[in-house]
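Here the structure is laid out as structure tokens; the discussion comes afterwards.
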Amino acid sequence: MKRLTTIVGIFIASLMIANVALAAGKPVELMMDGEKYIYVKGMKGAIPYQENGVTMVPIRFVTDKLGAKVSWNNASKSLQIQKEGIDLTLTVGSSTAIAAGNTINLPAKVLQKDGTVMVPLQVVSEVLKGEVEWDEERNIIIIKTPGKEIGAVDPYGRKIRTTNLPKNYKDYPYILADIPNSLYEMKYPYYREGKARVSSTLYQLPEFTQENIDIWMSHIQEYGNLLLNVDYRTIDDQWIRDMSTHMIKYASELEKSAVYKDLKQYTNWAIKNKIQIEGTLVPEPSMIFANGYGYYYVRSTVKFKFNNFSKSKQLIFDTSEGWSEEGFNFQKGVWYSGYVDFPIGTNVGGYWGPTLKVTVNASILEESQISKE
């Protein structure tokens, strides 16, 4: 069952921000009024994240949704936000905010990260009066504008649109407002003619229950969070065990499996090459495609940045045959983003419903459209 925590008032907001058990170093998804941050056009740079128990969010995303007037003072590195009686000033590097002349203490300093001003979530709930909920199971912060009606939504609270539809809209159970038509119209991976099936058909199968789909999406997202948040100073055998939890297993003991060897090899290389990555992989549950050869692909949004490496070689764990990072020419300190059809499968016969996991040769580079931001 989905666990939602609603934030009401200063006291509850402060407790939530300080004590919610988000995994350290884990990116956080952000959705406001039925639209996800990662899909919003023009939102480049840093992604929402949690550090030392404090959730940091890009303030521009929230203010744009609220229709607030925003002024940036480059000299003082301060941001003034005005809307319907709200007059808020935030200064980069400060752990206080000024609202209507009153000083408010924040649980962390306001930061400018990769050109994006990041603020503690407390600012949204206490000062800007947004209704904030925490969906623990899906690791997503949900913000709502009080009193705003967004219309029809999918099972996850995402806003559905019925106009300006993609050419292949019949392939999907519904079309979401925040996803561009280009993502819907992206070509499917190699498939078996006459055997491949699109989402609108797959959703009629008994295995495609809400519970099963949530399990599949969780495996992809957790795998992506591990794959794209590597730090050579902390990566170890626990990272290997965590990664394998979300992958199909073909051996009774992890240490005897081929995937263990591949993961161990990458771990050793990440340490030697001093690899540091941050990023996120966000699967879209309404965009699943069966290729007719036993694999299912989930169209996903990917975003990542390399903070450090010695050699631009094998920066991301990838065992797909015939594929490499050649041609991407990855650089340090640059955000890359795009879309990927991410493969999941099972080695279970009969009713396989909850057993789909990440395939052993999964890749975020193959079957993808990724470029610099």
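Taking region 244-302 as the range and being among the β-branched types (Val, Ile, Thr) and in a helix (DSSP H, G or I) as the test, the residues that pass are THR245, VAL259, THR267, ILE271.
Listed by first and then second residue, the pairs linking a residue in region 293-318 that is over 25 Å from ALA270 (Cα atoms) and free of Cβ contacts under 8 Å to residues at least 40 places away in the same chain to a residue that is assigned to a strand (DSSP E or B) and aromatic (Phe, Trp, Tyr), with Cβ atoms under 8 Å apart and 6 or more places separating them unless they lie on different chains, form an empty list. Entry remark, region 206-238: residues being touching a helix residue (DSSP H, G or I) at 6+ places or on another chain (Cβ under 6 Å) and either within 19 Å of VAL298 (Cβ to Cβ) or of a type outside the set (Val, Ile, Thr) (or both) number 6 in total. Within region 72-98, the residues that satisfy the criterion of being hydrophobic (A, V, I, L, M, F, W, C), within 17 Å of THR116 (Cα to Cα) and crowded, with 18+ Cβ neighbours inside 10 Å are LEU79, ILE81, LEU90.
If the condition is being charged (D, E, K, R) and assigned to a strand (DSSP E or B), then region 148-179 contributes only LYS159. Among the criteria (1) over 30 Å from VAL127 (Cβ atoms); (2) open to solvent by less than 40 Å² (accessible area, probe 1.4 Å), the one ILE143 does not fulfil is (1).
When restricted to residues that are of a type in the set (Ser, Thr, Tyr), open to solvent by less than 10 Å² (accessible area, probe 1.4 Å) and farther than 30 Å from ALA196 by Cβ, region 253-306 contains 1. For GLY224, are the conditions met, namely being in contact with a strand residue (DSSP E or B) (Cβ under 9 Å, 6 or more places away or on another chain) and modelled with pLDDT under 95? Taking the combined requirement at face value, the residue does not satisfy it.
Tell me, please, whether a residue that is polar (S, T, N, Q), more than 17 Å from VAL298 (Cβ to Cβ) and open to solvent by 70 Å² or more (accessible area, probe 1.4 Å) can be found in region 197-204. Checked against the condition, which is being polar (S, T, N, Q), more than 17 Å from VAL298 (Cβ to Cβ) and open to solvent by 70 Å² or more (accessible area, probe 1.4 Å), region 197-204 yields at least one hit.
Can you say whether PHE309 is of a type in the set (Phe, Trp, Tyr) and crowded, with 19+ Cβ neighbours inside 10 Å, as far as the supplied structure shows? Against the criterion (of a type in the set (Phe, Trp, Tyr) and crowded, with 19+ Cβ neighbours inside 10 Å), PHE309 qualifies. Residue selection: VAL110 fails the criterion of being touching a helix residue (DSSP H, G or I) at 6+ places or on another chain (Cβ under 7 Å), open to solvent by less than 40 Å² (accessible area, probe 1.4 Å), among the β-branched types (Val, Ile, Thr) and modelled with pLDDT of 90 or more. Each residue in region 334-373 was checked for being over 11 Å from PHE304 (Cβ atoms), open to solvent by 50 Å² or more (accessible area, probe 1.4 Å) and assigned to a loop (DSSP other than H, G, I, E, B), and 9 pass. None of PRO155, PRO146, PRO166, PRO180 is farther than 25 Å from PRO58 by Cα and at pLDDT below 95 except PRO155.
In region 146-188, the residue that is most open to solvent (accessible area, probe 1.4 Å) out of those that are of a type in the set (Gly, Ala, Ser) and either under 28 Å from VAL123 (Cα atoms) or within 16 Å of the chain's Cα centre (by Cα) (or both) is GLY147.
The values are calculated or read from the model by the stated rules, or taken from the named source; none is laboratory data. Not measured: the values here are computed from a predicted model. When we count neighbours, we look across all protein chains shown, and the Cβ atoms used for this are built from the backbone with ideal geometry, even at glycine. The protein model used for the area step is the full one, side chains on, heavy atoms only, and it has no ligands, DNA or RNA in it. Shrake-Rupley method; radii C 1.70, N 1.55, O 1.52, S 1.80 Å.
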